[in-house]
Amino acid sequence: MRIHEIELFQFRNHTHTKVTWAPYMNVLIGPNGAGKTSVVDAIHYLCMSRSFVTSSDSHVVKQDTKSFLLRGHFQGQIRAQFQLSLSYSRGDGKKIFVNEGPLDKLSDLIGMVPVVVLSPQDEQLTKGGPVERRVFIDAFISQLSRSYLRNLMEYRQIRRQRNKLLQKYAEGGSFRVHKTLMQSYLEPWNEQLVRVGSKIMDERASVIMQLERFVQVNFTEISGLEMKPGMRYDSMVRGWEENEELTVDSDKAKSKAEVDSPTTLTRVERIEQCFKAALDEQFDKELERGQSLVGPHRDEIVFYLDKVELRRYGSQGQHRLFALALKLGQLDYYTKELEDAPLLVLDDVFGDLDGERVRILLEHLKAHQGQSFITAAHPVAFSDFVDFDHPDHLCITIKDGNVAETN
């Protein structure tokens with residue numbers, strides 16, 4: 001997949017910027033605050049309908065204006081040529097158009113143009129709480145699988161409705177019914193939560209296991225350290241993992257004798273049985289707190305180096321290198337699985353790397369068959385690796401929200 005041209009209107013500090021891209025490596029040079037990140041964030045917007053820098057659309061509207069507009073011309077293997085437009089206006093929200101035809105749902109955009117972003121914000125993937133890692137893995141899989149995205153959206157709706165019921169009970173009043181009756185009220189929602197949530201957990205576990213291999217290769221190459229990275233999907237729903245015997249701790253749940261042998265069940269079926277048992281175990285706590293306490297919305301992805309948890313014990317350098325290997329692993333995974341090579345965005349990632357790490361990363365980029373977009377405050381050593389006189393590559397200078405120079 002490649003983007004031939006992009007236009008920004010009233011986006012961050014850009015009044016009107018238009019760039020025609022080279023098919024392979026594109027480098028944007030300029031001082032901090034010049035507007036480099038805004039350009040590559042606009043690419044991410046057109047691919048994912050959101051910013052990778054901020055969670056609020058209103059924050060990217062140019063100061064003293066009420067709306068922004070982005071346009072991009074794309075070309076790929078599946079879709080020969082097409083135009084994407086995304087507009088946002090305070091009060092009217094966001095609208096997306098493909099070849100001037102409106103998309104009914106924002107989610108229809110996801111996966112149309114696969115993209116991988118490496119940025120300073122990636123350190124939150126290793127240092128932050130479970131939410132950051134769940135968001136990462138959900139976005140990761142959603143670009144690969146439409147069915148996963150549909151399940152994710154359905155699960156959120158089911159959980160929202162189930163939580164409303166639990167909140168009513170927790171608030172008391174006229175709705176405070178007997179627990180047995182409350183169980184009957186929850187049962188239809190439990191069945192749906194288990195059915196959809198088990199598919200999500202199964203898909204996450206499979207992808208994480210495969211992604212781990214790519215991360216290990218990239219970490220070894222980039223870091224030069226004799227440490228083995230690892231990833232584990234850690235769920236509150238216990239006992240469904242491969243080669244693990246199904247067990248139940250609660251008297252309210254099924255006993256081991258009542259659970260079918262794991263060899264006769266698919267993994268999704270094993271997850272479903274353990275999910276139901278976990279809901280029974282947490283029933284009283286859920287009534288007390290008024291919210292769903294079990295499911296993929298509470299799960300965690302744990303990162304390790306030599307079996308030591310990275311979040312708790314990793315050094316600053318180890319966090320940075322793991323995050324970099326994670327995103328490069330995502331790039332390799334997409335390149336292997338997708339017909340169209342993903343777009344690759346690197347925003348200000350070279351400043352904290354030493355010379356050897358810069359060299360290794362640039363060699364990795366040269367091997368990437370897709371299109372890359374790199375921002376940097378200084379030229380670094382790009383010209384030693386890339387011939388910008390060749391039409392396959394482009395180097396531009398951004399200044400005060402404008403393209404000031406093209407090399």
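The values are calculated or read from the model by the stated rules, or taken from the named source; none is laboratory data. Predicted, not measured: the structure shown is a model, and the values here were computed from it. Every residue, glycine as well, gets a Cβ built from its backbone with ideal geometry; the counts of neighbours run over all protein chains shown.
Does segment 70-87 contain at least one residue that is charged (D, E, K, R), modelled with pLDDT of 95 or more and touching a strand residue (DSSP E or B) at 6+ places or on another chain (Cβ under 7 Å)? Yes, segment 70-87 has at least one match. Only residues that are surrounded by 16 or more Cβ atoms within 10 Å (Cβ to Cβ) and modelled with pLDDT of 90 or more were counted in segment 377-398, giving 6.
Just so you know, in segment 97-121 the residues that are among the hydrophobic types (A, V, I, L, M, F, W, C) and over 22 Å from Leu344 (Cα atoms) include one that is modelled with the lowest pLDDT, and it is Leu103.
Just to be sure before I move on: is Gly30 within 17 Å of Leu394 (Cβ to Cβ) and surrounded by 18 or more Cβ atoms within 10 Å (Cβ to Cβ) in the structure I sent? Let's see the steps before the verdict.
Numbers: within 17 Å of Leu394 (Cβ to Cβ): yes; surrounded by 18 or more Cβ atoms within 10 Å (Cβ to Cβ): yes.
Judged against the criteria, Gly30 is a match.
Leu46 meets all of the listed conditions (1) surrounded by fewer than 23 Cβ atoms within 10 Å (Cβ to Cβ); (2) touching a helix residue (DSSP H, G or I) at 6+ places or on another chain (Cβ under 9 Å); (3) among the aliphatic types (A, V, I, L, M) but one, namely (1).
Grab the strands (runs of 3 or more DSSP E) fully contained in segment 1-108, keeping just those with 1 or more residues being more than 23 Å from the chain's Cα centre (by Cα).
Working: elements: 2-11, 14-20, 25-29, 67-75, 81-89, 93-98.
Strands (runs of 3 or more DSSP E) meeting the threshold: 2-11, 14-20, 25-29, 67-75, 81-89.
Could you go through segment 3-23 and let me know if any residue there is of a type outside the set (A, V, I, L, M, F, W, C) and under 24 Å from Gln124 (Cα atoms).
Within segment 3-23, the subset of a type outside the set (A, V, I, L, M, F, W, C) is 4-5, 7, 10, 12-18, 20, 23.
Right, trim to under 24 Å from Gln124 (Cα atoms) and you get 12.
Yes, segment 3-23 has at least one match.
Per this entry, His393 is not counted among residues that are in contact with a helix residue (DSSP H, G or I) (Cβ under 8 Å, 6 or more places away or on another chain) and either in contact (Cβ under 8 Å) with a residue 24 or more places away in the chain or over 16 Å from Ala22 (Cα atoms) (or both).
Looking at Asp41, Asp64 in this structure, which one is surrounded by 15 or more Cβ atoms within 10 Å (Cβ to Cβ) and either hydrophobic (A, V, I, L, M, F, W, C) or in the same structural domain as Ala376 (by TED's automatic domain parsing) (or both)? Don't jump to the end; show me each part of the working.
Working: Asp64 fails: surrounded by 15 or more Cβ atoms within 10 Å (Cβ to Cβ).
Sole residue among the options that is surrounded by 15 or more Cβ atoms within 10 Å (Cβ to Cβ) and either hydrophobic (A, V, I, L, M, F, W, C) or in the same structural domain as Ala376 (by TED's automatic domain parsing) (or both): Asp41.
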